[in-house]
Amino acid sequence: MTTQAIAATGTYVIREARHEEYDAVGRLTYEGFGHHLPGARQPDGERLQLLLDAAARAQEGVLLVAEDAGTGRLVGTASLLPYGSRLSRQAEEGEAELRLLAVLPETRRTGLGRRLLDEAARVAAATGAKRVVLDTAVDNEPSQSLYRKLGYVRRPDREKPRPAPKVQLVVYTLDLPR
């Protein structure tokens, strides 16, 4: 799954990450999930590897970044993975999976997450996907509210119990225009 599209969105440019940015994107993902904050719960080893290994996400699919147009600083990211990717956990045939949508804490509530979601859906449609699927923590109501506003539909039929201490996940899908 590859695309070369670039979307200018206000003060941000959303584009595919460049190879030399992968380490920075990994750190951005870690910080976007708030793990760098004092007292924050740290991810287990497997999750930490997933957060930091942006190169693997780029190899498996499309690694989007949001760049501040004024400073050149990377402030957001999202990974779009095709069905069959080793990093996908929800995608079924004909779907692209959105994983690890993260924006830096200081850029929250600016519409950046929405812009990343919109661009991911556009890229998924351009690559032939019929639907985007994603999951999030059951208690992550701010994200779920955004997904619903953008037309994503919760799919309880696709949710699977996870053993403690894993967080229970809820699944959302967005049908893409033909």
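The values are calculated or read from the model by the stated rules, or taken from the named source; none is laboratory data. On a predicted model such as this, the values are computed, not experimentally measured, just so you know. Note that each Cβ is placed from the backbone with ideal geometry, even for glycine, and that neighbours are counted across all protein chains shown. Ligands, DNA and RNA are excluded from the accessible area calculation, which covers all protein heavy atoms including side chains. Shrake-Rupley method; radii C 1.70, N 1.55, O 1.52, S 1.80 Å.
Assuming a ≥ b ≥ c are the square roots of the Cα gyration tensor eigenvalues, decide whether region 27-88 counts as rounded (a/c under 1.5), prolate (otherwise, with a/b larger than b/c) or oblate. Mind dumping the intermediate values first?
Working: a/c = 2.83, a/b = 1.08, b/c = 2.62.
It comes out oblate by the Cα gyration axes.
The heavy atoms of TYR152 offer some 10 square angstrom of accessible surface to a 1.4 angstrom probe. Electrostatic tally near ARG178: other residues with Cβ closer than 12 Å to its Cβ, Lys and Arg +1, Asp and Glu -1, net +1. Rounded to the nearest Hz, the phi-derived 3J(HN,Hα) couplings of region 53-68 under the Karplus curve 6.51 cos²θ - 1.76 cosθ + 1.60 (θ = phi - 60°) are 8, 5, 4, 5, 5, 5, 5, 7, x, 10, 9, 8, 10, 10, 10, 5, where x marks glycine and proline. In terms of accessible area, using a 1.4 Å probe and ignoring ligands and nucleic acids, ARG154, ARG47, ARG86, ARG109 rank largest first as ARG109, ARG86, ARG154, ARG47. Across the protein chains, with a 1.4 Å probe defining accessible surface, the residues LYS149, LYS130 rank LYS149, LYS130 from largest area downward. Of the solvent-accessible surface of the chain, computed with a 1.4 Å probe and all protein chains present, 51% belongs to carbon and sulfur.
What size of dipole, in debye to the nearest 20, comes out for the chain about its Cα centre when the only charges are +1 on Lys and Arg C-beta atoms and -1 on Asp and Glu C-beta atoms?
460 debye
Applying 1/(1 + (r/R0)^6) with R0 = 25 Å to the Cβ-Cβ distance of ALA40 and THR71 gives a FRET efficiency near 0.50. The Cα atoms of the chain give a gyration tensor whose axes a ≥ b ≥ c have a/c under 1.5, which makes the shape rounded.
Loop-located GluC sites (Glu not before Pro) in region 69-125 (DSSP state other than H, G, I, E, B) with a sparse environment of at most 14 neighbouring Cβ atoms within 10 Å: GLU92, GLU93. Exposure check, 1.4 Å probe, all protein chains in place: HIS19 carries approximately 140 Å² of accessible surface. Please report the spacing between the Cα centers of region 82-118 and region 150-167 in Å, no decimals. For region 82-118 versus region 150-167, the Cα centre distance is 15 Å. Accessible area per residue for region 45-142, computed on protein heavy atoms with a 1.4 Å probe, is 43 Å².
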